[in-house]
Each structure stands twice: as structure tokens, then as C-alpha cells.
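For reference, the structure discussed in these notes is given below.
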Amino acid sequence: MDKVDVRFPQPSKAPAANLPKNAEERAAALVELMNRLSAHLARETEAVRRHCTSAELARLGREKQPMMLVYEEVSRLLRVDRDGMAALPDEAKAALREATRGLYEASAANADALRRNGAAQKILVDTVVGAINRARQTTTPAYGTAPIPPRATYVTPSHGPSTSATLNTRL
């Protein structure tokens, strides 16, 4: 890891992000991004409902993360620019409203599918745990009536390596 002197700010080595410069460009980029994000959430919801593999769900999650980061940054830049937001044409405002509504619906459907999947998994796990606990409590064999073997009682060894673990209480 490179050592950085925090006393003197250094210019960033990473290239500047190619973010939109004015409110109209930000609004158009945000609408397009929200539509892409809505479509991605719909794909993810369908994958959850189809009970896809965890690898596929993880891949969808990794694909979603950069879009979410850009969405947060562009929406923050647009919210901060109050004058630019006020000066947006009515078509751009309507497109933003429609894209926001679509993203809200897609995220609500996604959250519902994930919640249902989690509840189904909890029921499955609880059922398996209950069956295992009931099987442990059963003292008779499942088939037939075999005699139950007597319990072996523990006898303290008089000599050997197992006596070395005893506690010496005499001082």
C-alpha cells in the first residue's frame, strides 16, 4: 500500500468521472439510468422467482452495484442544483417522474420477491430443524421393535492417561 501524506492534498490519480455537466444532461442521464436499473431489477426479480442459482443471483447483484453508485451520484448532483431543476423543461420533469415511478415499482416487486424467498427459506429450514429434533428425541427404532440397549455407565479409570485430566483438590 502506498504511503500518502494527508497533510498536503494530492490530485487524484484516477481519471475524472464522465458525469453530465448541466441539469438537462443530468436529467436525461438519470432517466436512462433509472430505466436500465428498473429493467435490471425486473430480471433479478424473475431470477429469484425462478429459484436461480446463488451464482447467478450474485452476478446480477454485482452488475447492479455500479448502476446504483452512478444513480446515487447523478441524483445527488441533480438535487443539489435547485436552479437547474427548476429550469428543466416540462417534458424532462415528466420523464423523471415516469422513470421514478417505474423504478419504485420495480424495486417494490424486487423487495417483495426477496422477502417471500427469505420467508420460504425460513420455513424450509425450520421444517428440517424440527424433523431432526424429533428424530433425536425418538428412542425406538423406526422399523420393528428392537430392544433398547442398556446405557453404559461411566466408570472412573484407576490408572492410565485418562486419569491425568482429573483435578487435584488437595494442596
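The values are calculated or read from the model by the stated rules, or taken from the named source; none is laboratory data. Remember, it's a predicted structure, so these values are computed and weren't measured experimentally. Reconstructed Cβ throughout: ideal geometry from the backbone, glycine too, with neighbour counts over all protein chains shown. These area figures cover heavy atoms from the full protein model, side chains too; ligands, DNA and RNA do not enter into them. Shrake-Rupley method; radii C 1.70, N 1.55, O 1.52, S 1.80 Å.
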**Asked** Where residues in segment 16-72 are within 19 Å of Leu103 (Cβ to Cβ), under 15 Å from the mean Cα position of the chain (by Cα) and of a type in the set (Asp, Glu), which of them is most open to solvent (accessible area, probe 1.4 Å)?
**Response** Glu63
**Asked** Within segment 96-115, is there a residue that is in contact (Cβ under 8 Å) with a residue 12 or more places away in the chain, within 30 Å of Lys21 (Cβ to Cβ) and in contact with a Phe, Trp or Tyr (Cβ under 8 Å, 6 or more places away or on another chain)?
**Response** no
**Asked** Do you know which residues across segment 76-122 are loosely packed, with under 12 Cβ neighbours inside 10 Å, more than 30 Å from Arg26 (Cβ to Cβ) and modelled with pLDDT of 90 or more?
**Response** Arg115
**Message:** Any residue at all in segment 22-40 that's farther than 15 Å from Ala94 by Cα, polar (S, T, N, Q), modelled with pLDDT of 60 or more and in a helix (DSSP H, G or I)?
**Reply:** yes
